[in-house]
Protein chains: 2
Amino acid sequence: MDADPSSQLDFAKGGGLVTAIAQDDATGEILMVAFMNAESFARTVETGEVHYWSRSRDRLWYKGEQSGNTQRVKSMYIDCDGDVVLLKVEQKGGAACHTGRVSCFFRRLNEAGDYDVVSEPIFDPAVVYGREGRE
Amino acid sequence: MDADPSSQLDFAKGGGLVTAIAQDDATGEILMVAFMNAESFARTVETGEVHYWSRSRDRLWYKGEQSGNTQRVKSMYIDCDGDVVLLKVEQKGGAACHTGRVSCFFRRLNEAGDYDVVSEPIFDPAVVYGREGRE
């Protein structure tokens with residue numbers, strides 16, 4: 001690799017973080033949204049496996065490290081401002097959400113101003129993640 | 001509308017803002033990522049036309065207000081944490097990006113660590129936005 005792909009990203013605007021969207025490469029479904037710092041971006045590029053930055057735990061987060069539901073990068077894009085990364089991925093285990101659902105976007109707004117749950121878990125998070133809950 | 005749909009959103013975590021993703025309802029292509037505060041979310045729900053919050057201009061941003069390239073909401077989803085809104089939209093004029101491209105994600109990482117530009121503008125931003133540049 002000759003160039004530094006992170007040089008086109010604007011980490012400063014987001015306090016050291018850029019937004020990262022994981023989209024299923026096969027179906028186009030948006031799976032989840034998280035953050036990356038420079039280290040997680042570099043690890044993702046190097047390994048082809050998605051690494052985020054966990055704000056709640058303040059550490060590098062290798063997606064699937066606990067559940068095995070890793071995300072294999074098929075292609076990566078950056079937006080015009082360089083503050084969002086789009087990851088087209090193959091989602092191992094089929095589900096990205098800590099609730100056991102394929103996508104984190106399982107609540108759809110209805111006309112009453114409430115949300116319908118439009119998908120069900122495909123695995124039991126208590127089994128996959130253990131009692132600690134989400135990875 | 002009986003319920004308040006913003007009650008399920010966590011604006012506090014992002015300093016009053018949530019992340020908003022616009023996805024083409026017909027093609028599944030991710031068009032752009034921006035932010036919403038409570039007011040822009042409420043306006044979007046009320047009008048069915050996407051309103052963001054512009055951080056750079058610190059004001060409500062009715063998408064397409066200048067270019068006419070508005071975004072019509074087909075459906076809205078929120079994620080498990082309530083800090084991201086997914087908007088499935090019909091993009092008027094076909095292009096969401098201020099560069100005149102369909103999507104803001106027109107730079108794809110290649111194996112040399114550089115980015116390939118994978119789409120071309122479908123309109124001339126200088127004509128659509130005038131000399132002020134992006135809306």
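Points worth noting:
- What the Kirkwood sum gives for the protein assembly as shown is a hydrodynamic radius of 19.0 Å, with every pair of different alpha carbons counted.
- Ordering A:105, B:32, A:54 by the projection of their Cα atoms onto the charge dipole of the protein assembly as shown, which places +1 on the Cβ of Lys and Arg and -1 on the Cβ of Asp and Glu, puts A:54 at the extreme positive end.
- Residue-normalised accessible area of chain B, given per residue in Å² at a 1.4 Å probe: 45 Å²
- Evaluated at q = 0.11, 0.16 Å⁻¹, a Debye calculation over the C-alpha positions of chain B (equal weights, vacuum) places log10 I(q)/I(0) at -0.41, -0.84.
- Table column - 3J(HN,Hα) (Hz), the stretch B:93-110, Karplus curve with 6.51, -1.76, 1.60, x for Gly and Pro: x, x, 10, 9, 7, 5, 7, x, 8, 3, 10, 6, 9, 9, 10, 10, 5, 10
- Most mobile of A:17, A:60, A:31 in a GNM of chain A (Cα contacts under 10 Å): A:60
- Measuring nothing but protein heavy atoms, the accessible surface of the stretch A:1-128 at 1.4 Å probe radius is 46 percent carbon and sulfur.
- Residue of B:20, B:34, B:96 that the Gaussian network model of chain B assigns the largest fluctuation, springs spanning Cα pairs under 10 Å: B:34
- The string of couplings for the stretch A:34-48 from the Karplus curve (6.51, -1.76, 1.60, θ = phi - 60°) is 8, 10, 10, 9, 4, 5, 5, 5, 4, 4, 5, 5, 5, 9, x Hz, one whole number per residue in order, with x for Gly and Pro.
- Exercise: per-residue mean of other protein chain Cβ atoms within 10 Å, A:100-108: 5
- The stretch A:87-131, relative contact order in percent, only Cα pairs under 8 angstrom and at least six apart counted: 32 percent
- Sites listed here are trypsin sites (Lys or Arg not before Pro) in the stretch B:24-65 whose DSSP assignment is loop and whose Cβ has at most 15 other Cβ atoms within 10 Å: B:55, B:57.
- Copies compared at residue B:124 - label distances in nm, ascending, label defined 7 Å from Cα in the Cβ direction: 6.4
- The mean count of C-beta atoms from other chains within 10 Å of the C-beta of residues in B:66-79, rounded to a whole number, is 3.
- Mean-square fluctuations from a GNM of chain A, with a 10 angstrom spring cutoff on Cα atoms, peak among A:81, A:114, A:24 at A:114.
The values are calculated or read from the model by the stated rules, or taken from the named source; none is laboratory data. Small disclaimer: the values here were computed from a predicted structure and weren't measured. Every residue, glycine as well, gets a Cβ built from its backbone with ideal geometry; the counts of neighbours run over all protein chains shown. Surface areas here come from the heavy atoms of the whole protein model, side chains and all, with no ligands, DNA or RNA. Shrake-Rupley method; radii C 1.70, N 1.55, O 1.52, S 1.80 Å.
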